[in-house]
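Here's the structure, in structure tokens; my notes come after.
The values are calculated or read from the model by the stated rules, or taken from the named source; none is laboratory data. On a predicted model such as this, the values are computed, not experimentally measured, just so you know. Here the Cβ positions follow ideal geometry from the backbone for every residue, glycine too, while neighbour counts run over all protein chains shown. Note: areas computed on protein heavy atoms with side chains; ligands, DNA, RNA excluded. Shrake-Rupley method; radii C 1.70, N 1.55, O 1.52, S 1.80 Å.
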Amino acid sequence: MEERLDISVGYEDGSPRITVVGVGGAGCNTIGILAEKEVEGVRLVAINTDRYSLASSRAHVKIQIGESMTRGVGTGGDPEKGREAAQKDSDKIQAALEETDVLFIAAGLGGGTGTGASPVVADLARENRILTIAFAIMPFDFEGPQTKKKAERGLEELREKVDAIMVALNSNIKNGDLTRPPKEAFREIDQLLYNAVVALRDVILKPSDMRLDLSDIKAKLSGKGKTIIGVGEGTGENRIEEALEKALHSPILERNNIRGAQSILLHIALGPDTDLKSMFSIVEAVISEAKDKFPDINPDLKMGYLQSEDMEGRVRVTVIATDFEEKETGGTMKEEELVKVSTSPGPMSTSRVDLPEEPEVEEDYFPFGPPIKKNKKKKQNVIRIPDRTEKDGLLFQEGEEDEEKI
Ligand SMILES: Nc1nc2c(ncn2[C@@H]2O[C@H](COP(=O)(O)OP(=O)(O)OP(=O)(O)O)[C@@H](O)[C@H]2O)c(=O)[nH]1
Ligand SMILES: [Mg+2]
């Protein structure tokens, strides 16, 4: 197999360097969305034992590992073989990581290559002091207890070796629209990785009016564990609720809210028609959600924003939430304290991040996993948007608050 190890490939001159590595079958498939959409300024690396999977990859750099052990056909679900294969070819992986500042490792867990080789990639990244974010995809329930066990072990190992981790659940695909073609549904998972990578790239690389840079990202993510990187875009009258809903409540991630997050990085892109008050209502909604059930925490939030003409009528919210407090100390906020936000995009939506509407499903529609409950009613997530800007000019003050329905 022809391997391209030109290490300058994929990056923009003089900018922080982002590398996305896909490991194993699922990892290589998932990074495909970045190649397909021709994301610039990001190096794509495909690592696999399976030469056939690599042949169809459009990554900038392709690395076949463990040829002598697997003869190019995968590990047959053996993580030990996956690990050994990566260790044997660690010099190639090391070369592909050279000069990287931020690394994403995408892998499906439960098989051999992704589960066994991705911790080796994480070790190499750590040795090179690269900020590393893992994007782990957990198997479907129907793949059985052995696969689940392998995946869980792999997840624990990976968690210890990376700075931050996003966990997507294949099983959650069935919470979406079941009448979609399967490829479209799986793409929703790929889209989460895409959103996270592009969000980080844009936050770091694109000029902003109030800018966040690589050191902000490092400070927020280094050694932080569970992470949510959410991006949402809204258009028209309800653009703020729509953008927040999409950024904060992914139906696919293991964690679909930012409650308890003590460290938040927020970037808001807006047009001249979105006013300061609206911008601050986004900040406060994010803080409110983090404090929901965790009234004692005081999230540390760093914000950047970009105002541009081409965002007229639109708002894009990027939230990177980490450092989750797990022990709840309070109840959920009362209904009347919350602004309800429908999960469906508004009629004018041209959003980049197309999350599905909550489907109407019948009990036995999906053939896998535990039976799905009837769900005729559209679920509503809630986001609290308090507003104190007019009253006392203090945005982050504790205490009583008005509420605004926008
Ligand atoms: N979302 C998504 N999940 C996938 C895809 N392919 C596989 N998976 C999931 O990822 C898990 C691991 O599968 P693979 O990535 O094919 O396995 P591998 O890492 O290549 O390991 P071996 O082939 O056993 O060496 C599976 O149990 C599936 O749950 C994919 O294209 N998309
Ligand atoms: Mg494979």
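Worth a mention:
- Number of residues in region 226-241 that are over 21 Å from Thr274 (Cα atoms) and either among the aromatic types (Phe, Trp, Tyr) or open to solvent by less than 20 Å² (accessible area, probe 1.4 Å) (or both): the value is 3.
- Flag for Asn128 being assigned by TED's automatic domain parsing to the domain that holds Asp78, in contact (Cβ under 8 Å) with a residue 24 or more places away in the chain and open to solvent by 20 Å² or more (accessible area, probe 1.4 Å): yes
- Residue that is open to solvent by 30 Å² or more (accessible area, probe 1.4 Å) and more than 16 Å from ligand 1 (Cβ to nearest atom), where the choices are Lys206, Lys220: Lys206
- Residues of region 70-87 satisfying the condition of being assigned to a loop (DSSP other than H, G, I, E, B) and out of contact with any strand residue (DSSP E or B) (no Cβ under 9 Å at 6 or more places or on another chain): Arg71, Gly76, Gly77, Asp78
- Residue selected from region 144-176 under the condition among the charged types (D, E, K, R) and surrounded by 17 or more Cβ atoms within 10 Å (Cβ to Cβ), by the criterion nearest to ligand 2 (Cβ to nearest atom): Lys150
This table checks each residue for (1) part of a loop (DSSP other than H, G, I, E, B); (2) basic (Lys, Arg); (3) touching a Leu at 6+ places or on another chain (Cβ under 9 Å); (4) buried (at least 18 other Cβ atoms within 10 Å of the Cβ).
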site: Leu34; (1), (2), (3), (4): no, no, yes, yes
site: Glu38; (1), (2), (3), (4): yes, no, no, no
site: Leu44; (1), (2), (3), (4): no, no, yes, yes
site: Ile47; (1), (2), (3), (4): no, no, yes, yes
site: Ser53; (1), (2), (3), (4): no, no, no, yes
site: Ser57; (1), (2), (3), (4): yes, no, yes, yes
site: Lys62; (1), (2), (3), (4): no, yes, yes, yes
site: Ser68; (1), (2), (3), (4): no, no, no, no
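- Close pairs from region 261-280: first over 26 Å from Ile228 (Cβ atoms), partner at pLDDT below 95 and part of a helix (DSSP H, G or I), Cβ under 7 Å, at least 6 apart: Pro272/Glu309
- Residue in region 276-290 that is open to solvent by 10 Å² or more (accessible area, probe 1.4 Å) and assigned to a loop (DSSP other than H, G, I, E, B) present: no
- The combined condition, being of a type in the set (A, V, I, L, M) and within 11 Å of ligand 1 (Cβ to nearest atom), is fulfilled by Ala117.
- Exclusive hit being surrounded by fewer than 17 Cβ atoms within 10 Å (Cβ to Cβ) and either over 19 Å from the mean Cα position of the chain (by Cα) or in contact (Cβ under 8 Å) with a residue 24 or more places away in the chain (or both), set Gly114, Gly82, Gly110, Gly76: Gly76
- Any hit, region 128-143, residues being acidic (Asp, Glu) and within 16 Å of ligand 2 (Cβ to nearest atom): yes
- Residue check for Val167: touching an Asp or Glu at 6+ places or on another chain (Cβ under 9 Å) and assigned to a helix (DSSP H, G or I): no
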